[in-house]
Amino acid sequence: MTDGDQPPLRDSRFAISIGATAGLFVLALVVGFIWLPSAQRGANGLDLWSAICRAIGLPDGNASASKPVAGRPASAVAWTTATRQKLEQGDSIGGAAIATTCNNCHGADGISTDAAIPNLAGQSAAAIYKQLEDFRSGKRYPAVMGVYVSPLSEENLIDLSAYYASLPSQKGALSEGPADTAMRRLIEVGDPLRGIAPCAACHGPVGLTPGAPGLKGQQRAYLELQLQLFKNGDRRNDISEQMRTIARQLTGEEIAMLAAYYSNVSNDVGR
Ligand code: HEC
Ligand code: HEC
């Protein structure tokens, strides 16, 4: 009897442990590949299938809204040696003559009096040129700027860029903004856990990515709107999604704080 009882008991323990292991395995699959991706997909604008593909490590077949479409790059401008050489040949005096059409909005001295219209004085020529070219090609939504850039030649755009870059910015006119620690960390260190590189590494003063505009002393409402547009994917002329990737991770409160900070600090460095 005793001999006959033992095997069934061992069998049932064996079956239970196999069953439990299999159950845990299935649970881990569901949590790792379905539940977690589905919980995360909203934040990244991914559909469920793309989120699952990404969790497994496969390139997601279903593109998210702002993924670059093959054959449709974010911008027609590339930072080649040829582009840089063209920019060096800009004629600021020729640019000043064309700029009379721009003055009404951007200000006679390149400092605008309307918070929704960006200042151009002292901005980098590369940044100005890229935006003008993107308005002209429609890569950046040309609602307002379109009519002003469409009649202009590439040479005109380069001259205008040289002209505005040569104007003195509001050097020293603004005082250092409030030093909120969390915001300063975003600017100087970034937030590696959310994939946010420090603003200062691309926009100055630490480093300057080609075409990255100076932000210091820029209009507050303008900065805030641009970050919102990058965040929701309505502005997508940033090469390699450099800004969209970052802005998507920023909260509305952080965007407002960053815009307030940059608009308030003296722009004598970092441009
Ligand atoms: C009717 C007003 C108006 C006129 C005239 C105008 N702009 Fe603009 N410009 C804007 C507004 C508004 C924006 C912000 C982008 C937007 O809302 O479309 C802008 C954006 C820009 C930008 C992008 C700046 C940045 O930091 O990204 C550049 C460069 C620029 N304008 C240059 C020019 C030049 C050069 C001219 C003249 C040929 C001109 N603008 C004429 C209103 C105007
Ligand atoms: C990896 C480099 C990089 C980092 C990091 C970065 N930016 Fe940018 N940013 C760019 C580039 C490049 C552009 C120009 C995009 C284009 O070509 O239209 C830009 C554009 C912008 C603009 C639009 C300015 C204008 O005049 O139109 C704002 C505002 C901005 N960035 C804010 C920020 C803030 C705030 C941070 C930090 C939280 C940040 N950026 C971090 C590269 C970067």
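Bear in mind these aren't lab numbers, they're just calculated from the coordinates by the rules spelled out. On a predicted model such as this, the values are computed, not experimentally measured, just so you know. Glycine gets a Cβ as well: all are built from the backbone with ideal geometry, and neighbour counts include every protein chain shown.
By what distance, in whole Å, do the Cα atoms of segment 81-166 stretch along each of the three principal axes, largest value first?
Principal axes ranked by extent give 35, 26, 19 Å for the Cα atoms.
Please compute the modelled spin-label separation between R194 and D109, points set 7 Å along Cα→Cβ, answer in nm with one decimal.
Spacing of the two 7 Å Cα→Cβ label points: 3.7 nm.
A116 label point, 7 Å along Cα→Cβ, cut-off 11 Å on backbone N: hits in segment 127-152?
Answer for this model: 144.
Let a ≥ b ≥ c be the square roots of the eigenvalues of the Cα gyration tensor of segment 181-264; is it rounded (a/c under 1.5), or, if not, prolate (a/b larger than b/c) or oblate?
It comes out rounded by the Cα gyration axes.
Report the charge-dipole magnitude of segment 76-138 in Debye, nearest 20, computed about the Cα centre from +1 at each Lys and Arg Cβ and -1 at each Asp and Glu Cβ.
Value, rounded to 20: 180 debye.
So which trypsin sites (Lys or Arg not before Pro) in segment 73-150 are both in a DSSP loop and have at most 10 other Cβ atoms within 10 Å of their Cβ?
Answer by residue number: there is no such site.
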